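A quick write-up on the structure given underneath.
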Amino acid sequence: MNKLDQVVTKLPTVDVKQLNRGARLAEEVYTASGGMLFSKGTFLYEKEIEFLEAFMIKKVTIEETGAGSSTECAEAPAEEQAKALDKLSPVKSSIQETFDRAVSRLKNVMIQVQGGNNIPVMEVREAVAPVIAEFQQQPQALLSLHRFARKDYTYEHAIAVGIISYMIAKWIKVPEKEWMQVALAGTLLDIGKTKIDRRILQKPGKLTDDEFEEMKKHTIYGYQIIKASHGLSEGVALAALQHHEREDGSGYPLGLTGSKLHLYSKIVAVADVYHAMCSNRIYQQALSPYVVVEQLVQDSFGKLDPTIVRKFVDGITQFAIGTIVELSDGTIGKIVFTDRNHPTRPMVETGGKIVNLVDAGHLSIIRVLEQS
């Protein structure tokens, strides 16, 4: 028996009607239209089995430990379900600790650059690599990035944009050898702000016209700083210069249109807008990730690259099954299905019924909550 045959024999396919409570999926389950119904590793209890039957799924592939002959899961479903929810939890303490370390290390780097030094590129790479690895293991945490915020928005934003940019690069199939450069482009997008007067950066109210003109120069300063540093590609420098440019030419500093923008800058622009809108800032309350991605879709008509936006929205919502959310009518529910044609309008189980947000246009997801 070859290795492939050995793997196959460990993945029994079971009729949905014969599933035991507590069986665990060994593979993702998709609907007939191609949308993901349940992710790999999901534990199947009464409600999950009802959904399988409702979507006319006849058979599923499960792990040996959750097969029909095992009684361990059936006898202790509450304990196993708690473990499953813990695995799906969007915020893990290990990620928080790694994120905090990355923020602290980046802050030290920024202080060095502010003092007139070139960017210590290896230090930046060593800061972001561990946190990127954590998010690759738990990509559902991308919907809850706002929960990692402490007090250093500038540095938290840079780390978050680096993570998101890396994931987008994967999703749009940028060559793998460039993924880290894209992540560095995101992390260093605002490096030019080290040259901006702190009174402008920290001003709580609206900037004057002169102050805004000075603020816009951070893109040029960033380009110059990155160009003077070794180990960073031209794309990283152009991302710093162009991340506030827009497809229709309405951005700054040069008013370039989409055809003249580097790919890295288009990726970083999407990541930058998403995280900024999801974050609490002095002059802005954080918005729900789902409200933000819907806004991104609208902005893709003229402002942001539509292909990148679509891949980002598909990517960030594909891991949402099982996420606990609050709807605009105040009810709390769990996302149970995401239609690839309407990724921002999933099906939510609340109060024992299913609310399809595609049909319930008056409702929206206003908060992404912790798994309970």
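The values are calculated or read from the model by the stated rules, or taken from the named source; none is laboratory data. None of these values were measured; they are calculated from a predicted model. Cβ atoms come from the backbone with ideal geometry, glycine included; neighbour counts cover every protein chain shown. Heads up: the accessible areas ignore ligands, DNA and RNA and are worked out on the full protein's heavy atoms, side chains in. Shrake-Rupley method; radii C 1.70, N 1.55, O 1.52, S 1.80 Å.
Quick one: with all protein chains in place, what share of the accessible area of the chain is carbon or sulfur, to the nearest percent (1.4 Å probe)?
Values: 9130 of 17740 Å².
Carbon and sulfur together cover 51 percent of it.
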- prompt: For segment 89-237, what is the accessible area per residue in Å² when the probe is 1.4 Å?
  reply: 46 Å²
message: With the crude spin-label approximation of a point 7 Å out along Cα→Cβ, what separation in nm comes out for E50 versus A360?
response: 1.5 nm
Matching label, Rg and Dmax of the Cα atoms in Å computed from the structure shown, candidates [x] 36.0, 131; [y] 22.6, 74; [z] 21.1, 72: [y]
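Rounded to the nearest 500, what is the 222 nm mean residue ellipticity of the chain from helices alone, with -39500 (n - 2.57) per DSSP H run of 4+ residues and division by all residues?
Computed mean residue ellipticity for the chain: -13500 deg cm²/dmol.
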Computed accessible area, K40, all protein chains, 1.4 angstrom probe, square angstrom: 120 Å²
- line: Sorted by chain and then number, the residues having a modelled amide H within less than 5 Å of the amide H of R367, at least 5 places away or on another chain, are E326
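In a shell of Cβ-Cβ distance under 10 Å around A127, excluding A127 itself, what net charge do Lys and Arg (+1) and Asp and Glu (-1) give?
Details: positive: R101, R105, K107, R125; negative: E123, E126.
My count for the surroundings of A127 gives +2.
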